[in-house]
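Before any comments, here is the structure.
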Amino acid sequence: MNSTEYFIYLLSCHLNAVEPKGEKRMDWQQIYNLAEKNNLTAIIAYEIKRLPADCRPGGTIGAWFNECFENTMHSFRPNLQSLSNFIGALTEKRISHVLFKGVILRNYYPFPELRVGTDMDVVIRPAEYINAVEVLKKKGFIEKTIESNSATLQFEKDVFELHTELESINIQSKIYFATPFDDISDYSGYTYKLKPVYHLLYIVSHIAHHLQTGHASIKMIMDIDVLIRRYPEININEFLILSDNIKIGKTAEALLAFSKKIFNTPVVLNFTFEDEDTLPLFHDFVYAFSMGRVFGTSEEIEENAEKKNKFDFVKNFIDKISKSKKQEDELTCYQLQLLEELGLKEAAEE
């Protein structure tokens with residue numbers, strides 16, 4: 001296995017509770033770089049501890065992994081306290097809030113404390129948004145940024161992102177996610193969370209958004225895997241119909257198939273990456289997701305603005321299609337439909 005393959009293999013061992021096999025000749029610097037880019041260093045560090053001693057990285061790189069693991073473990077309890085303070089402050093004032101993405105999904109990982117995020121995302125009703133910000137500030141949360149529909153607040157080292165709506169990739173998804181406090185969520189008191197099938201739909205649409213703008217991460221695929229494992233009763237056919245309704249059906253099917261291929265996600269699909277003809281698409285997915293970055297840094301904002309990394313692997317689809325001239329091939333049609341869903345066909349043809 002090369003470094004990227006071994007990196008993904010270790011993640012799969014983590015999700016499947018399988019003891020990893022050691023590789024004595026491995027580029028641990030490259031694996032460390034991949035782990036850092038995807039904000040998965042603590043999980044890789046945990047899996048390294050399960051390797052035979054003679055297969056673990058030593059020296060400086062081994063120390064980096066150990067340091068990240070220890071820091072992540074130590075920060076988990078304070079992080080939970082920050083979240084408790086956040087929920088408590090809003091609940092005290094009867095302000096409803098939807099928790100989603102990492103703050104919920106980490107609970108479905110084998111070890112929640114190792115699933116690190118850059119912030120915690122919350123949706124507040126637009127009518128309660130300004131009041132929520134003021135309530136939190138009075139409880140010690142520091143306002144970092146505030147706009148008409150989103151705000152960033154910090155409590156000690158923990159960052160909270162407040163939104164007045166769920167992110168949407170197109171007008172159809174905007175309609176579906178327009179009422180997060182209604183039929184697409186469950187609640188306890190004033191704390192809401194998306195129903196499993198809608199959370200999966202949101203994750204996939206969120207990934208589609210980052211495939212458009214760049215910086216999709218392998219951790220997003222792990223989120224798909226843990227959600228499906230946690231809720232095996234999710235009706236995948238219903239999910240695919242919902243995905244079709246918001247015009248990302250092919251994208252959704254391909255992402256679930258990719259998760260199944262690399263993580264053995266327990267899902268049954270018509271499209272798979274088992275055929276030889278799908279290997280180019282599969283390898284392009286591997287590259288696109290493994291080379292993702294943690295979102296939100298100034299460097300990434302600049303790169304997004306310049307659109308240098310706008311779904312690069314899709315451009316490869318078009319190059320391959322043009323060279324082969326197999327316009328009637330089934331996989332080619334699948335690729336083209338995926339491009340059209342994401343609004344990237346014209347960009348890829350430039």
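Residue by residue through the stretch 1-21, note down the ones that are touching a helix residue (DSSP H, G or I) at 6+ places or on another chain (Cβ under 8 Å), within 12 Å of Leu51 (Cβ to Cβ) and hydroxyl-bearing (Ser, Thr, Tyr).
Of everything in the stretch 1-21, just one residue is touching a helix residue (DSSP H, G or I) at 6+ places or on another chain (Cβ under 8 Å), within 12 Å of Leu51 (Cβ to Cβ) and hydroxyl-bearing (Ser, Thr, Tyr), namely Tyr6.
Starting from the stretch 55-72, keep only residues that are over 17 Å from Leu10 (Cα atoms) and touching a residue at least 12 places away in the same chain (Cβ under 8 Å), then list their pairs with residues that are among the aliphatic types (A, V, I, L, M) and surrounded by 14 or more Cβ atoms within 10 Å (Cβ to Cβ) whose Cβ atoms are within a distance under 7 Å, requiring at least 6 positions of separation or different chains.
Here the result reads Thr72/Ala42; Thr72/Leu114; Thr72/Val116, each pair linking the stretch 55-72 to a residue that is among the aliphatic types (A, V, I, L, M) and surrounded by 14 or more Cβ atoms within 10 Å (Cβ to Cβ).
Every residue, every condition in (1) closer than 20 Å to Lys219 by Cα; (2) touching a residue at least 60 places away in the same chain (Cβ under 8 Å), yes or no:
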residue: Gly22; (1), (2): no, no
residue: Ala35; (1), (2): yes, no
residue: Ala89; (1), (2): no, no
residue: Lys93; (1), (2): no, no
residue: Tyr108; (1), (2): yes, yes
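For the stretch 1-13: of the residues being assigned to a helix (DSSP H, G or I) and either open to solvent by 10 Å² or more (accessible area, probe 1.4 Å) or among the basic types (Lys, Arg) (or both), which is nearest to Tyr287 (Cα to Cα)?
Across the stretch 1-13, the extreme among qualifying residues is Thr4.
Tell me which residues, restricted to the stretch 269-299, are at pLDDT 85 or above, farther than 20 Å from Phe7 by Cα, among the polar types (S, T, N, Q) and open to solvent by less than 80 Å² (accessible area, probe 1.4 Å).
Within the stretch 269-299, Thr272 is the sole residue that qualifies.
Read through the list (1) in contact with a Phe, Trp or Tyr (Cβ under 6 Å, 6 or more places away or on another chain); (2) assigned to a loop (DSSP other than H, G, I, E, B); (3) buried (at least 19 other Cβ atoms within 10 Å of the Cβ), then give the number of the only condition that Val116 fails.
Among (1) in contact with a Phe, Trp or Tyr (Cβ under 6 Å, 6 or more places away or on another chain); (2) assigned to a loop (DSSP other than H, G, I, E, B); (3) buried (at least 19 other Cβ atoms within 10 Å of the Cβ), the lone unmet condition for Val116 is (1).
List the number of the failed condition for Thr251; all other conditions in (1) over 22 Å from Tyr108 (Cα atoms); (2) more than 16 Å from the chain's Cα centre (by Cα) hold.
(2)
Wholly within the stretch 15-112, which helices (runs of 4 or more DSSP H) include no fewer than the required count, namely at least 1 residues that are under 25 Å from the mean Cα position of the chain (by Cα) and closer than 30 Å to Pro126 by Cβ? Please lay out each step first, then the result.
Numbers: elements: 28-37, 41-49, 59-92, 102-105.
Filter on the stretch 15-112 gives 59-92, 102-105.
May I ask you to list the residues in the stretch 76-90 that are more than 12 Å from Glu156 (Cβ to Cβ) and open to solvent by less than 60 Å² (accessible area, probe 1.4 Å)?
Phe76, Ile87, Gly88, Ala89, Leu90
Applying the selection to the stretch 238-296, what residues are more than 19 Å from Gln337 (Cβ to Cβ) and acidic (Asp, Glu)?
Within the stretch 238-296, Glu238, Glu274, Glu276 qualify.
Tally time: how many residues in the stretch 254-285 are over 20 Å from the mean Cα position of the chain (by Cα) and outside any helix (DSSP H, G or I)? Quick ask: steps written out before the conclusion?
Filtering the stretch 254-285 down to residues over 20 Å from the mean Cα position of the chain (by Cα) leaves 268-280.
Now restrict to residues that are outside any helix (DSSP H, G or I): 268-275.
Qualifying residue count for the region: 8.
Would you check which residues across the stretch 236-255 are open to solvent by 30 Å² or more (accessible area, probe 1.4 Å), in contact with a Phe, Trp or Tyr (Cβ under 9 Å, 6 or more places away or on another chain) and at pLDDT below 95 and list them?
If the condition is that a residue be open to solvent by 30 Å² or more (accessible area, probe 1.4 Å), in contact with a Phe, Trp or Tyr (Cβ under 9 Å, 6 or more places away or on another chain) and at pLDDT below 95, then Lys250 is the only one that fits.
The values are calculated or read from the model by the stated rules, or taken from the named source; none is laboratory data. Keep in mind that this is a model prediction, so the values were computed, not measured. Cβ sites come from the backbone with ideal geometry, for glycine too, and all protein chains shown count toward neighbours. For accessibility, only protein heavy atoms count, side chains too; no ligands or nucleic acids. Shrake-Rupley method; radii C 1.70, N 1.55, O 1.52, S 1.80 Å.
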